[in-house]
1. Among what's in the stretch 50-63 and is polar (S, T, N, Q) and in a helix (DSSP H, G or I), pick the residue that is nearest to residue 34 (Cα to Cα).
2. Assess whether residue 106 counts as being open to solvent by less than 90 Å² (accessible area, probe 1.4 Å) and assigned to a loop (DSSP other than H, G, I, E, B).
3. Could you go through the stretch 79-91 and let me know if any residue there is loosely packed, with under 14 Cβ neighbours inside 10 Å, small (Gly, Ala, Ser), in contact with a strand residue (DSSP E or B) (Cβ under 7 Å, 6 or more places away or on another chain) and in contact (Cβ under 8 Å) with a residue 24 or more places away in the chain.
4. Which members of the stretch 76-112 meet the condition of being closer than 26 Å to residue 56 by Cα, touching a Gly at 6+ places or on another chain (Cβ under 8 Å) and among the small types (Gly, Ala, Ser)?
5. When the residues of the stretch 47-76 are filtered to those that are open to solvent by 10 Å² or more (accessible area, probe 1.4 Å) and hydroxyl-bearing (Ser, Thr, Tyr), which remaining residue is nearest to residue 122 (Cα to Cα)?
6. Starting from residues that are modelled with pLDDT under 90 and polar (S, T, N, Q), keep the ones in the stretch 80-134 and report whichever is nearest to residue 20 (Cα to Cα).
7. Give the residues of the stretch 109-134 that are charged (D, E, K, R) and either surrounded by fewer than 16 Cβ atoms within 10 Å (Cβ to Cβ) or touching a strand residue (DSSP E or B) at 6+ places or on another chain (Cβ under 6 Å) (or both), sorted by residue number.
8. Among the candidates 47, 66, which residue alone is in a helix (DSSP H, G or I) and closer than 17 Å to residue 32 by Cα?
Amino acid sequence: MRVVPILLILSFCSSGLALSLSPEDEAARDVALQWLGVVDSGNYKDAALLISEQVRGSRDWTKYFAAHRAPLGRVNGRKIAEVKYASTVLGDPEFRRHAIVRFRTSFEHKAAATEEIVLTKMGCCWEVMGYRID
């Protein structure tokens, strides 16, 4: 009977562990967060202009943000969920380094959502290639 409380304590403690990020993960996360700050402010035109030229014309980003992001309201909280890497992503025919950064985000009108920002390494810097919210 003493084993059960110990297991519950271990389970509870391990569920709150922070995601361990490498320096490259942190750089990708920071670029994503800076860009999300522009989106969160409601400045959708500037957010669209900050998206990589290669995909900027692939959709009307201002309308996309107005339809998908604006109805959610202000951000209550955002936590990094994962950073993963790929050499190719949908919408970019080039073979290069991409980071897919996912956040668990709580909004005023949606308690639990996942935001995904796709970044591409262009020279020394990360550029935003895509955004999706579920």
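1. For the stretch 50-63, the residue satisfying everything is 62.
2. Values: open to solvent by less than 90 Å² (accessible area, probe 1.4 Å): yes; assigned to a loop (DSSP other than H, G, I, E, B): no.
Criteria not met by residue 106.
3. Scanning the stretch 79-91, I find no residue that is loosely packed, with under 14 Cβ neighbours inside 10 Å, small (Gly, Ala, Ser), in contact with a strand residue (DSSP E or B) (Cβ under 7 Å, 6 or more places away or on another chain) and in contact (Cβ under 8 Å) with a residue 24 or more places away in the chain, so the answer is no.
4. Scanning the stretch 76-112 gives a single hit, 91.
5. So, considering only residues that are open to solvent by 10 Å² or more (accessible area, probe 1.4 Å) and hydroxyl-bearing (Ser, Thr, Tyr), the one nearest to residue 122 (Cα to Cα) is 58.
6. By that ranking, first place goes to 87.
7. 110, 115, 116, 127, 132, 134
8. Numbers: 66 fails: closer than 17 Å to residue 32 by Cα.
After ruling out the rest, the residue left standing is 47.
The values are calculated or read from the model by the stated rules, or taken from the named source; none is laboratory data. Note that this is a predicted model, so its numbers are computed, not measured. Backbone-built Cβ (ideal geometry, glycine too); neighbour counts: all protein chains shown. When the accessible area is computed, the model is the full protein with side chains, heavy atoms only, and any ligands, DNA or RNA have been set aside. Shrake-Rupley method; radii C 1.70, N 1.55, O 1.52, S 1.80 Å.
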